[in-house]
1. Shielding of A:12-25 by partners, i.e. mean partner chain Cβ atoms within 10 Å per residue?
2. Would you work out which of B:ILE180, B:ILE206, B:PRO91 lies farthest towards the positive end of the dipole of chain B? Charges go on Cβ: Lys and Arg +1, Asp and Glu -1.
3. Note down the nm distance, to one decimal, between modelled labels 7 Å out along Cα→Cβ at A:PHE65 and at B:GLU246.
4. For the stretch A:17-89 and the stretch B:112-146, write down the distance between their C-alpha centroids in whole Å.
5. Lys/Arg Cβ at +1, Asp/Glu Cβ at -1, dipole of the protein assembly as shown taken about the Cα centre: which of A:LEU250, B:VAL62, A:ILE137 is farthest positive-ward?
6. Would you mind classifying chain B by shape? Square roots of the alpha carbon gyration tensor eigenvalues, ordered a ≥ b ≥ c; an a/c under 1.5 is rounded, otherwise it is prolate if a/b is larger than b/c and oblate if not.
7. For B:ASP66, A:ASP207, A:ASP213, what ranking results if the residue with the fewest other Cβ atoms within 10 Å of its Cβ goes first?
8. Shielding by partners for B:149-161, please: the mean number of other protein chain Cβ atoms within 10 Å of each residue's Cβ.
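Here, each number is a calculation from the coordinates, and none is a lab measurement. As the structure is a prediction and not an experimental result, all values here were calculated from the model. Methodologically, a virtual Cβ is constructed for each residue, glycine included, from the backbone with ideal geometry; neighbour enumeration extends over all protein chains shown.
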Amino acid sequence: MADTSSRSTSTHAKTGFQKDIFILKQLVSKDFKIKYRRSFLGVAWSVLNPLLMMIVMAIVFTTIFAQGRNGSVTPEMYPLYLIVGNVTFAVMSDSTSQALSSIIQASSLLKKVKVHRFVFPVQKVLFSLVNFAFSLIAVAIVMLWFHVVPTWHLLLLPVCLILLMFFCMGLGLLLSAATVFFRDVMHLWSVVLTAWTYFTPIFWTTDFIPMMDSHILRVLMYANPMYNYLQFMREIFLFQTCPTPLEFGLCVAWAVIAMAIGYTVFHKNEHKFILYI
Amino acid sequence: MSDAKNAAAAAEEYAVEVNDVTMIFNMASEQLNNLKEYFIKLAKHELFFKEFRALKHISFKVRRGDVVGLVGTNGSGKSTMLKVIAGVLEPSEGECIVRGNIAPLIELGAGFDMELTARENIYLNGALLGYTKQFIDEHLDEIVDFAELHDFMDMPLKNYSSGMVARIAFAIATITEPDILIVDETLSVGDVFFQQKCEERIQHFIESGDVTVLFVSHSIEQVERICKRAVWIEKGDLRMDGPVKEVCEAYRNQFN
């Protein structure tokens, strides 16, 4: 048994922040272990999954829908275009759909232990970023295969990821809080995600946007946060340029807006959670 | 933990102060869990909730090192009181000040994930209790020793019996001397030998004089044996607060 003086210094985390960091680490590693427990290839699936998805989609969309035949994306570039878009979009869709139910899933814990409630949705976003790190291996394999030489533009990757992370955290906080009060959000969000997948140039190339008739639709397309994050990613991986100031500005703006709304809604309502879970 | 610093500075002060705490639950006649129901009710102006006061203006203070038992019949608000003190529930009115770190033994194993092994759960639960990684590394053996589950450390917890889960949970929560220990019916799990072992450890904390213990049990004898003072809560009201003998006597007499 530790004596009183050493207790306050070594046994317990000194600040709430330190405690939260350790909890986040433990929760992420928990999710990771559970995800790959009992699977033969284990963590290799994090690399294989995006690769296989890319191969399937590349075959379907180049042969049937004739994507990547003309315009800015050549057939050689199309697989890389596809995989970069896919793994980036997956960060958002995975993290938000996981964060959504995170508070409800942690209900047994929240009822008994005092712990900052935000760690649960935030943890899901961090977990999807860990997965993203593995899928980067798949992206590297595709780059090797097609002899795409990375340039210094890739140094901007952390910037893009941090902005995307904050955007997802904001959404995650908002959705997890909303789901506590209205379970409908769960069902609604899967529809929203599907719609979002189709309205974002993941498998279709951005050349289609200027061809759209409706002016409003075009504006919406360019304002779409996921369009901007995907563009950012593709520019540094594929086109080897920097994002335009407008794209970069929108990436920042969406991250700030999502965080501001998500944090405010979550913070205003979190003390009521326990009565609804 | 900033509370710990204050506690050190004012060691003679109260460890737990419950000031005029009222806890109101909205007992919706039916729970509204979806938007459609919500808007229909809103449109019909039927969005009223029946108020349920689980705790009504409860005040008491617990000195550092005190051992206090909470007694009351089922549904009288004991567990709600403990949850307010543990910081899980926020009181609707009044305030609850707690100085120092809390080891909550409320439903052992609450933070466990059944898919993970015991070893992994020790780290997860330790994190939730606010321990540092280094501390858990150093004391892992001690925890396992106390729980007496050496051979099962790498087995998923879903294969454990509830008694084994309780052993691990108790061992983690009490590995360090907490400032405040909250014990809610926990001693009723596990076999007789382990119950004894747990009681011994709690007794050890009590004797050290630094640990404040809040104890809830339906066994009046156990409360009388362990506690010095008792608080009787009945239907959300503070009925009595005083030496354990007097309170338990009065509590027993209500049935006669």
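1. Details: counts 12, 9, 6, 2, 3, 0, 3, 7, 2, 1, 10, 7, 1, 4.
Taking all residues of A:12-25 together, the mean is 5.
2. Looking along the dipole axis, the top candidate is B:PRO91.
3. Each label point is offset 7 Å from its Cα along the Cβ direction, giving 8.0 nm.
4. Using only Cα atoms to place each centre, the spacing works out to 33 Å.
5. Value computed over the given set: A:LEU250.
6. oblate
7. Numbers: B:ASP66 19, A:ASP207 14, A:ASP213 6.
With the sparsest Cβ surroundings first, the list reads A:ASP213, A:ASP207, B:ASP66.
8. Values: counts 0, 0, 0, 0, 0, 0, 0, 1, 0, 0, 0, 0, 0.
Counting Cβ atoms of other protein chains within 10 Å of each residue's Cβ and averaging gives 0.
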